[in-house]
Amino acid sequence: MELDKRPSGQGDGCLVGVLRIPAKVIAVLIVLPVRVVWDLLAAFGRAVHRHVLGPLWTHVLEPLCRGIGWVLTVLFKLAFVWPWVGLWRYVLRPVGQGVAWLARGAYAYLLVPVGRGLAWLAAAVHRWLLRPVGLGAAWLVAAVYGYLLRPVGIAVAWLVTGGYRYGLVPLGLGVVWLARAVYQWLVVPVGQAVVWTVAAVWRWVFVPVGQAVVWTVTAVWRWVFVPVGRGMAWTGTAVWRWVFVPVGAAFVWLARGVYAYVLAPVGRLFAWAWHVAGRIVKAVGRGIALVWRALVVWPCRQVYRHVLTPVGHVLRDAARTVRATVRQVRAEVRRALLG
């Protein structure tokens, strides 16, 4: 009868009591120590972050990182930016401007006057020598043709036409009855006269005209074209010797001077700056490694050795104790339930 008068807030049987007791035992022996250890670790972590890592980052690591970043930036600019900027600003740009100024001056005050002089010389030679010589030669050829060859040709044609019309035709008409007489007393003398006339025309007309033409062509070649060609060759040789060769030598001298006194010292300075920057970077790297070892590696090693290792040992012992207690409670519960 007393079993039926149980309070309303209790369980409904012994099974609930049997399950609730191990749960409370597990909660007390496992969950609560783990929670306590977790809270202690969280509190320790917050305290370390608040009183050690926070001030260490704020007052040591952050200024150190900023200083290292500034030093690396300056070294990077010193090794990669400023030498090229200085080379462009103080060497290449002035040298380029000087070369451009020299080229403009050579073009404006040397090449342009020389070109204008050559153009004027060519125009003068064409105007005062080649054109009059050509006009004279054309006039001479026209005069020879108009006053010598054409009248001679007309005379020869008239002679041939007259001989044919007034000599050969009557002779041909009279050859029937006076063939032998005409041959002896007319054809032979006429033939001799014709031969003599042709020989005279060839000797006293064509041969002098041909010799005059040959002499004219030879004289024009010897006294016009040869001197003009020699003058042009001398002008080209003089321009090459006294203009282009000195200008090329000046450019070569300028290039050698720029290389010897500008580019080579700048290259040596750049190599020296690169070597010094490498040594500075190496020294800064060693300093950063030393600071890292002193501020990060050694504190972490000490925390791991003197804090985390003991805490781990304590947690390991606590886990072993909890495991043994759980085994013991489980054995007692098994004995209580099964006897």
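The values are calculated or read from the model by the stated rules, or taken from the named source; none is laboratory data. Just so we're clear, the structure is a prediction, and the values are computed from it rather than from any experiment. Every residue, glycine as well, gets a Cβ built from its backbone with ideal geometry; the counts of neighbours run over all protein chains shown. Surface accessibility is based on the protein's heavy atoms, side chains included, excluding ligands, DNA and RNA. Shrake-Rupley method; radii C 1.70, N 1.55, O 1.52, S 1.80 Å.
One table, with the values for the structure above:
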| item | result |
| --- | --- |
| Rounded, prolate or oblate (a/c below 1.5 giving rounded, otherwise prolate when a/b exceeds b/c) for segment 45-103 by Cα gyration tensor | prolate |
| Whole-Å distance, taken between Cα centres, linking segment 282-309 and segment 192-253 | 99 Å |
| Fluctuation leader among Leu135, Leu168, Leu40 - the chain, Gaussian network, Cα springs under 10 angstrom | Leu168 |
| Accessible surface ranking that places the most exposed of Leu149, Leu32 first, with a 1.4 angstrom probe | Leu32, Leu149 |
| Ranked order, Tyr147, Tyr90 - accessible area, probe 1.4 Å, largest first | Tyr147, Tyr90 |
| Ordering of 273-282, 46-55 by packing [mean C-beta count within 10 Å, highest first] | 273-282, 46-55 |
| Max mean-square fluctuation residue, GNM over the chain, Cα-Cα springs under 10 Å, options Ala200, Ala249, Ala108 | Ala200 |
| Among Trp215, Trp274, Leu159 - extreme Cα towards positive end, dipole of segment 129-282, charges at beta-carbon | Trp274 |
| On Cα atoms only, tilt of 32-48 relative to the major axis of the chain in degrees | 50 degrees |
| Volume per residue that the Cα convex hull of the chain spans, once the total is divided by residue count, Å³ | 558 Å³ |
| Gyration tensor (Cα) of segment 195-317, equivalent ellipsoid semi-axes in angstrom | 107, 21, 5 |
| Value of [θ]222 nm, deg cm²/dmol, for the chain, DSSP H segments ≥ 4, -39500 (n - 2.57) each, nearest 500 | -22500 deg cm²/dmol |
| Rounded to whole Hz, the Karplus (6.51, -1.76, 1.60) HN-Hα couplings of segment 291-297, x for glycine and proline | 5, 4, 5, 6, 9, 10, 5 |
| Residue order for Leu129, Leu75 - accessible surface, 1.4 angstrom probe, largest first | Leu129, Leu75 |
| Probe 1.4 Å - accessible area at Thr73, Å² to nearest ten | 70 Å² |
| Angle in degrees between helix 309-338 and the longest Cα principal axis of the chain, rounded to the nearest 10 | 50 degrees |
| Per-residue SASA entry for Glu332, accessible area with 1.4 Å probe, Å² rounded to 10 | 90 Å² |
